[in-house]
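Novice: Take this structure, written in structure tokens, and hold onto it; I'll ask about it next.
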Amino acid sequence: MNFILFFFLILFSFNSAFSHSGKTNSEGCHNQKSNNTYHCHNKKSSFKNNISSKNIKIVDGDTIVIEGTKIRFSGIDAPESFYKGKNQRCIFNDLIVNCGELAKKFLVELIDKKEVICKLEKNPDRYNRKLGECFIDGISISSLMVKNGYAFDYPKYSKKKFAKDQKHARENKLGLWKMKFEFPWNFREKIRKK
């Protein structure tokens, strides 16, 4: 009897050591806050709106093309490489730089032929781009872009999901935070008003 009780006690301890209290979505997946990864517990799960490839075209700091599908990273905003004929500029030590190109270059180096997996939202944006969050090695590309200072939490759409990453970049003066810049949404608004 003691052996059976001991066996169940060990089994229960082992099981709870490998479980966690994170809520999962209908696919059995969730964002793990402790290490900022996205993973699934249901190995049979296959998102209906997933796309992945190693053949990626980088459009700018928050938009990529996979297998002919243009994907805009939801919840973040990166400086514009080219918007209505204008490049977004930043100032670094009195030098004018194309901060849209800096963000794009960082994303190119970040992805560097790795497999990108994107979880797409149901509805496209107003420009008919797919919206989604993309991952390399289980880590959110959006989070990495914001945390390194090459994109910004877009509170209008993110519900401040990337606010901690942005705070980290700002406090450590990473990426664009070591320059004078305009938030991309302010830059676009200014261009639209001209």
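Novice: Can you give me the distance in nm between label points at residue 52 and residue 84, each placed 7 Å from the Cα along the Cα-to-Cβ direction?
Specialist: 4.0
Novice: Give me the distance in nm between label points sitting 7 Å out from Cα along the Cα-to-Cβ direction at residue 115 and residue 189, one decimal.
Specialist: Distance between the two pseudo-spin positions: 4.2 nm.
Novice: Rg to Rh for the stretch 71-114: what is it, with Cα atoms only and Rh by Kirkwood? It would help to have the intermediate numbers written out before the result.
Specialist: Values: Rg = 12.0 Å, Rh = 11.6 Å.
Rg/Rh for the stretch 71-114 comes to 1.03.
Novice: Amide H to amide H, which residues 5 or more places from residue 151 or on other chains are under 5 Å from it, using H placed in the peptide plane?
Specialist: 146
Novice: Separate question: A 26 angstrom limit on the alpha carbon distance is what I want to check against. Which of 147/194; 84/156; 86/164; 164/194 exceed it? Before the final figure, lay out the partial values.
Specialist: Values: 147/194 32 Å; 84/156 22 Å; 86/164 30 Å; 164/194 34 Å.
Pairs exceeding the cut-off: 147/194; 86/164; 164/194.
Novice: A follow-up question, please. In 10 Å bins starting at 0, how do the alpha-carbon pair distances of the stretch 41-154 split up by percent?
Specialist: 14, 46, 30, 8, 2, 0
Novice: Starting at 0 and stepping by 5 Å, how many percent of the alpha carbon pairs of the stretch 114-156 end up in each bin?
Specialist: With 5 Å bins starting at 0, P(r) equals 5, 22, 20, 29, 19, 6.
Novice: With a 1.4 Å probe and all protein chains left in place, how much of the accessible area of the stretch 48-95 comes from carbon and sulfur atoms, in whole percent? Can you show the working numbers first?
Specialist: Values: 1140 of 2550 Å².
Result for the stretch 48-95: 45 percent of the exposed heavy-atom area is carbon or sulfur.
Novice: Considering the options 61, 93, 71, tell which one lies farthest towards the positive end of the dipole of the stretch 48-112, charges being +1 on Lys and Arg and -1 on Asp and Glu at the Cβ, about the Cα centre.
Specialist: Looking along the dipole axis, the top candidate is 71.
Novice: Quick one: length gained pulling residue 159 to residue 137 fully straight, 0.36 nm per residue minus the C-alpha distance? Don't jump to the answer; show the numbers that get you there.
Specialist: Working: separation 22, 0.36 × 22 = 7.92 nm, distance 2.45 nm.
Stretched fully, the residue 159-residue 137 segment lengthens by 5.5 nm.
Novice: Count neighbours as other Cβ atoms within 10 Å of each site's Cβ, and list the trypsin sites (Lys or Arg not before Pro) in the stretch 98-186 that are DSSP loop with at most 13 such neighbours. The partial results should precede the final answer.
Specialist: Working: sites: 104, 105, 113, 114, 119, 122, 126, 129, 130, 147, 156, 159, 160, 161, 164, 167, 170, 173, 178, 180; in loops: 113, 114, 122, 126, 129, 159, 160, 161, 173.
Here the trypsin sites (Lys or Arg not before Pro) that fit, given the DSSP loop and packing criteria, are 113, 114, 122, 126, 159, 160, 173.
Novice: Can you compute 3J(HN,Hα) from phi for each residue in the stretch 122-135, using the Karplus curve 6.51 cos²θ - 1.76 cosθ + 1.60 with θ = phi - 60°, rounded to whole Hz and x for Gly and Pro?
Specialist: Rounded to whole hertz, the list is 5, 9, x, 7, 5, 9, 6, 8, 5, 10, x, 10, 10, 9.
Novice: A further question on this structure: Which chymotrypsin sites (Phe, Trp or Tyr not before Pro) does the stretch 101-194 hold that lie in a coil by DSSP with at most 15 other beta carbons within 10 Å? It would help to have the intermediate numbers written out before the result.
Specialist: Working: sites: 106, 127, 135, 150, 152, 157, 162, 177, 181, 185, 187; in loops: 127, 150, 162, 181.
For chymotrypsin sites (Phe, Trp or Tyr not before Pro) across the stretch 101-194 that sit outside H, G, I, E and B with at most 15 neighbouring Cβ atoms in 10 Å, the list reads 127.
Novice: I've got another one for you. For the stretch 90-194, what number results from the quotient of the Cα radius of gyration and 2.2 N^0.38 Å? List each step's numbers first, then the result.
Specialist: Working: Rg = 14.6 Å, N = 105, 2.2 N^0.38 = 12.9 Å.
Normalised Rg, Cα atoms only: 1.13.
Novice: Percent of alpha carbon pairs in the stretch 138-194 separated by more than 18 Å? Don't jump to the answer; show the numbers that get you there.
Specialist: Working: 565 of 1596 pairs.
When every Cα pair of the stretch 138-194 is considered, 35 percent fall beyond 18 Å.
The values are calculated or read from the model by the stated rules, or taken from the named source; none is laboratory data. Treat the numbers as computed from the prediction; the structure is a model and nothing was measured. We place every Cβ from the backbone using ideal geometry, glycine too, and count neighbours over all the protein chains shown. Side chains included, ligands, DNA and RNA excluded: accessible areas come from the protein's heavy atoms. Shrake-Rupley method; radii C 1.70, N 1.55, O 1.52, S 1.80 Å.
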